[in-house]
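Structure record follows, encoded as structure tokens.
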Amino acid sequence: MSRFTFAHVADLHLDTPFSGLAALNDALAQQLQDASLLAWDRVVDGCLAEQVTFVVIAGDVYDSDTASVRAQLRFKRGLERLSDAGIPSFIVHGNHDPNGGRWSAVDRWPDGVTVFGTQEVTHVPVVVGGQTVATVSGLSFPERHVQDNLARRFIRQDLPGYHVAVLHCNVDSDASHGVYAPCTLQDLRDSRYDYWALGHIHARRILHEHAPLVVYPGNTQARHPNETGPKGFALVDVEDGQAGVRWVEADSWRFERLDFSCAELASLAALEEQLLLSAGALGLDRPVVMRARLTGMTPLHTDLLRPGTVGSLLQALRDQSPPDVWWDDLEIATRPLFNRDARVQGEDFTADVLRMIDASDAQGMVEELLGEIERHPALIRARPVLDLDSLLAAAPELLAEAERLAIERLEGGAW
Ligand SMILES: [Mn+2]
């Protein structure tokens, strides 16, 4: 019986510059610059703690083909720690770091490290105690703009153990990322491999559950405010050819976004208080860059649009937050309070809806609904649990509630 665990890592983008942040102070800029490197250290920590049998890394190790010396040396340091523990590593390169970069600061990788070439798929057995438990196959990008279907070049070899294919690619033309090395899920299913260790898509995804298991582990560290939520890598437990995935968090900074309705708030002081509470309620155990999108029909709308308000409110939020919570931006998608008398005179869709509601007979509408129930055998059975008499009595309030919901949707920007 063979039983082992391997780690599937991708898209480290070591020493990546962060993009898309509205404002930064120097200390935070430095911390974020270090975040991708710290995440890699944590990946290695996690692999050592789990005593994995091997590690596969599915491309975009570096952020660009002019990989920084710092990134290359830090990467090597982590591979050394794995090698010293007897854990082999298998690496392919992707569209951000084709061919491992234009030049290398490293002349020799540690023992047990395989960097797959760009010409043909090669296959390396993983031997534990004289027994081949797995075969790892891989192919690196020779250049950034790979348009060939590289997946079809993977031919399962007649070797024992669990068969893992490592590739940076875009499955089924995922529009959220560049279409490099395009292939289809069907290509991967037809391959007879047991596991496709993919890289490229920065969100965690399991594209296929079994035979083969097809996984994007996502990136190890978010590098843009749109990459929200936990980031890390996958641990794959294999027993007698059956596998399961566990996610491990490795990110050193996280990005979160609140969608926040200001409809019930009467002041900016109340808004500040509620935003701080909401951030605290996330219960994060690591530093975070916060963004919030403010919505709803609110008396705060005019204040929020006043020049300087957002910047100053952000400063106030930072003043009141711990040092590892950075308020980056507030998106104002609020609407002014609704003046029904004025709006019903208008010529637009909202005005039409209001006039339609004014012309409606609430009692009659509910009666019609009750008539429907009488006509449908399936609904009649529900009749005893519905308090239909009180429904009829509440008809005007029901219509008012329907109007409120409709107007909030139409005018409140809450979508
Ligand atoms: Mn990437």
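No value in this document is a laboratory result; all are computed from the given coordinates. Predicted model only: the values in this text are computed from it and were never measured. Positions of Cβ are backbone-derived with ideal geometry, glycine not excepted, and every protein chain shown enters the neighbour counts.
Within segment 152-308, the proportion of C-alpha pairs whose separation exceeds 18 Å stands at 68%.
Ordering HIS8, PHE75, SER64 by Cα displacement along the dipole of the chain toward the positive end leaves PHE75 in first place; charges were set at the Cβ atoms of Lys, Arg (+1) and Asp, Glu (-1). The residues packed around PHE6, meaning those with a beta-carbon under 11 Å from its beta-carbon, carry a net charge of -2 if Lys and Arg are +1 and Asp and Glu are -1.
Placing unit charges on each Cβ (+1 for Lys and Arg, -1 for Asp and Glu) gives segment 27-111 a dipole about its Cα centre, and among CYS47, VAL92, TRP109 the Cα reaching farthest toward its positive end belongs to TRP109.
An oblate overall shape is assigned to segment 316-381, the ratio a/c of its alpha-carbon gyration tensor axes (a ≥ b ≥ c) being 1.5 or greater and a/b not exceeding b/c. The helix-based estimate of mean residue ellipticity at 222 nm for the chain, built from -39,500 (n - 2.57) per DSSP H run of four or more residues and divided by its residue count, is -9500 deg cm²/dmol to the nearest 500. Close amide H contacts of TYR180 (hydrogens built in the peptide plane, cut-off under 5 Å, sequence separation of 5 or more or a different chain): ASN170.
Derived scalar couplings between HN and Hα for segment 281-296 equal 5, 5, x, 6, 9, 8, x, 9, 9, 9, 10, 9, 10, 9, 10, x Hz in order, rounded to whole Hz, by the Karplus curve 6.51 cos²θ - 1.76 cosθ + 1.60 (θ = phi - 60°), x for Gly and Pro.
Maximal additional length on extending the GLU331-GLN345 stretch stands at 2.0 nm, based on 0.36 nm per residue less the C-alpha distance. With a bin width of 20 angstrom, please list the P(r) values of the chain as percents of all Cα-Cα pairs, from the 0 bin to the one holding the largest distance. Final binned percentages: 23, 38, 28, 11, 0. A straight line joining the Cα centroids of segment 43-82 and segment 163-183 runs 21 Å. Overall, the anisotropy analysis places segment 340-411 in the prolate class: the square-rooted eigenvalues a ≥ b ≥ c of its C-alpha gyration tensor yield a/c not less than 1.5, with a/b exceeding b/c.
Projecting label points 7 angstrom from Cα along Cα→Cβ for ARG77 and HIS208 puts them 3.9 nm apart.
Along the axis of the charge dipole computed for the chain (Cβ charges of +1 for Lys and Arg, -1 for Asp and Glu, origin at the Cα centre), the listed residues VAL385, PRO125, PRO230 are led at the positive end by PRO125.
A straight chain from GLU120 to THR66 at 0.36 nm per residue would run longer than the Cα-Cα distance by 17.1 nm. Under the simplified labelling scheme, the ASN25-ALA175 pair shows an inter-label distance of 4.1 nm, with each label point 7 Å from Cα along Cα→Cβ.
Step by step: find N for segment 41-94, compute 2.2 N^0.38 Å, then divide the Cα radius of gyration by it. What's the final number?
It is 1.13.
Distances between every pair of Cα atoms in segment 1-129, grouped in 5 Å steps from 0 to the bin holding the largest one, split as 2, 10, 20, 22, 19, 13, 8, 4, 2, 1, 0, 0 percent.
Sorted fewest first by neighbouring Cβ atoms within 10 angstrom, ILE87, ILE357, ILE380 come out as ILE380, ILE357, ILE87.
If you rank PHE338, PHE233, PHE75 by fewest surrounding Cβ atoms within 10 Å, what's the result?
Listed from fewest to most nearby Cβ atoms, that is PHE338, PHE75, PHE233.
Residue by residue, segment 305-311 carries 3J(HN,Hα) couplings of 7, 4, x, x, 4, 5, x Hz when phi is fed to the Karplus relation 6.51 cos²θ - 1.76 cosθ + 1.60 (θ = phi - 60°); x denotes Gly or Pro. The distance linking segment 217-241 with segment 102-157 is 21 Å (Cα centroid to Cα centroid, whole angstrom). Rounded to the nearest whole Hz, the Karplus-based 3J(HN,Hα) values (6.51 cos²θ - 1.76 cosθ + 1.60, θ = phi - 60°) of segment 363-368 follow the sequence 4, x, 5, 5, 4, 4, with x at glycine and proline. Remark: the chain carries a charge dipole of roughly 1340 debye about the Cα centre, counting +1 on each Lys and Arg Cβ and -1 on each Asp and Glu Cβ. Between GLU50 and ARG286, the modelled label-to-label distance comes to 1.4 nm, taking each label 7 Å out from Cα in the direction of the beta carbon. Averaging over all projection directions, the Cα-based convex hull of segment 254-335 occupies 4.7 nm² in the image plane. The relative contact order of the chain, computed from alpha carbon pairs under 8 Å that lie at least 6 residues apart in sequence, is 13 percent. Distance from the C-alpha centroid of segment 369-413 to that of segment 244-270: 34 Å, rounded to the whole angstrom. Dipole magnitude for segment 318-385: about 360 debye, using +1 per Lys or Arg Cβ and -1 per Asp or Glu Cβ, origin at the Cα centre.
Neighbour counting of Cβ atoms within 10 Å sorts the residues MET365, MET290, fewest neighbours leading, into MET365, MET290.
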